[in-house]
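What follows is a set of notes on a single structure, which appears directly below.
The values are calculated or read from the model by the stated rules, or taken from the named source; none is laboratory data. These numbers were taken from a predicted model, which means no experiment stands behind them. Don't worry about glycine lacking a Cβ; one is built from the backbone with ideal geometry, like all the others, and counts go over all protein chains shown. In case anyone asks, the SASA skips ligands and DNA or RNA and just uses the protein heavy atoms, side chains included. Shrake-Rupley method; radii C 1.70, N 1.55, O 1.52, S 1.80 Å.
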Amino acid sequence: MLSRKQNLAYGVADVAGSTSYNTINVHLLFFLVTVLGLNPALAGSVLLVGRVIDAFTDPLMGILSDRFKVRLGSRLVFVRWGMIPFGISFALIWFLTPQANDWQLFALAAILLTLHTTIFTVVQVSYLATTPDLAPNYQARTILTSYRVAFATLASLIATALPPLLASQLAALLPGLNPALVGWRGVGILFGIIMVLSFLPLVTLIKEPQTTASASGFSNLRDIVQRLLRTRGYPQVVLIFVLATLGIGIVASMLPFYLDAALSLNPEQATVALGVLFIAAALSMPLWTYLAKKWDKARALSCGAVVLATSLVLVTQLPLPAGISLPFGLLALAAGMGLGAVLLFPWAMLPDTVTATSNKTSSDAQSGLLYACFSLAQKTSFAIGVFANGQVLARAGFDAELATQSTRAINAIQTMVGPVAACCFVLMGYAAWRYPLRKSDVDAASTQ
């Protein structure tokens, strides 16, 4: 059993990955379009390229990490080698400058994002893969994971809500030819330093136990994939996760445009709005956990999907006044509560497909591939959502140089954040309602 200090060291390390993932997903499209002036369609393609490459390197890095662990006894060597390049490569993204040619800026942005996401995969997969090595039993893994989730939630809140305010304040402190660009560069440097520092306790306080596992990994890959597809509940939970992540991707990357163009919020107000949304999501999770025990996870997720979808439609389609108003605040709280269920349950439902599978079909190899495919689905579907937003902004005539956007552009932004994203969540809720595994099935399998 790890000490409290070691559990803390492990948990703090996820600040790096969560900060990078959420800052890029929520703010990079807005940065590329409004600060650098990149065509929205090309800006959306930047994130599609970077995230899809990132997604498909996950399984490869997982296999490499397993083999490296067997031969040299350590996965964390990848973290030690990669943590400084991880922080530097993140900061470099925000040092992009406007270019005379959009395609040149697109290429530079895609290269820098791909570089960072590749390092992200090397470091983060190796870090997460240490969990079973450090915590070999159910109780220890539960404790260890709780520390990681706590720090990940805090980092996600900071990365989602604070960048607009930080960029504005840093631009005022460090005036330059392009204040917005100076501010975002400051955010990149500050967050890059935080990422590197968050890994230090992990690499200094954690020592991995030796293993005698086999280095084989490719021999029965096809059989394992076929077995996963036949695993009761697994294809359905992947569909649920894809729809949830697609909806979140659309909302998260379009939300800065909505707050700026449709509600005319300044950076301080945008930070408050994003903070309310995310804090409500975090605070709602005990409620959803209670409802999952009373009903089951799938039914609770369906309820959360309806709350989130309804809130998004209302907040974007009602004639709300500019700025932060009481109706907007109440709808943001409701949307945050629904978001809490959507963030919580797909990952919580995934282990049930393993528990409910017979011993003949479940194995460590299957579990590893199951999580790898889940991660691939997450990153790919999120990238598709961001890509779609970029195409919509371009077709709607969004112009970053205009102080006030056209009615057509504002309507397009509201439609994506509202009805389009809501449709994804409604479909996800229906898929969850039809989910074949119920609490009684998992409980029965757990006692066998």
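Observations on the structure shown:
- Contacts under 9 angstrom Cβ, first residue in the stretch 296-313 being open to solvent by 50 Å² or more (accessible area, probe 1.4 Å), partner of a type in the set (S, T, Y), 6 or more apart: K297/Y435; R299/Y435
- Residue match in the stretch 386-409 (condition: at pLDDT below 90 and part of a helix (DSSP H, G or I)): no
- Scanning the stretch 80-131 for residues that are aromatic (F, W, Y) and open to solvent by 60 Å² or more (accessible area, probe 1.4 Å) gives W81, F95, W103.
- Complete set of residues in the stretch 171-197 that are within 18 Å of Q269 (Cα to Cα) and modelled with pLDDT under 85: A171, A172, A180
- Verdict on S367 being at pLDDT below 85 and more than 25 Å from the chain's Cα centre (by Cα): no
- Boolean, V15 is modelled with pLDDT of 90 or more, in a helix (DSSP H, G or I) and not acidic (D, E): yes
- Matching residues in the stretch 262-285 - criterion: being more than 15 Å from the chain's Cα centre (by Cα) and open to solvent by 20 Å² or more (accessible area, probe 1.4 Å): A262, S264, N266, P267, E268, Q269, V272, V276, L277, I279, L283, M285
- The residue of the stretch 27-72 that is modelled with the lowest pLDDT, among those that are of a type in the set (A, V, I, L, M), part of a helix (DSSP H, G or I) and open to solvent by less than 10 Å² (accessible area, probe 1.4 Å), is A55.
- The stretch 316-336, residues that are open to solvent by less than 80 Å² (accessible area, probe 1.4 Å), closer than 20 Å to P419 by Cβ and outside any loop (DSSP other than H, G, I, E, B): T316, P327, F328, L331, A332, A334, A335, G336
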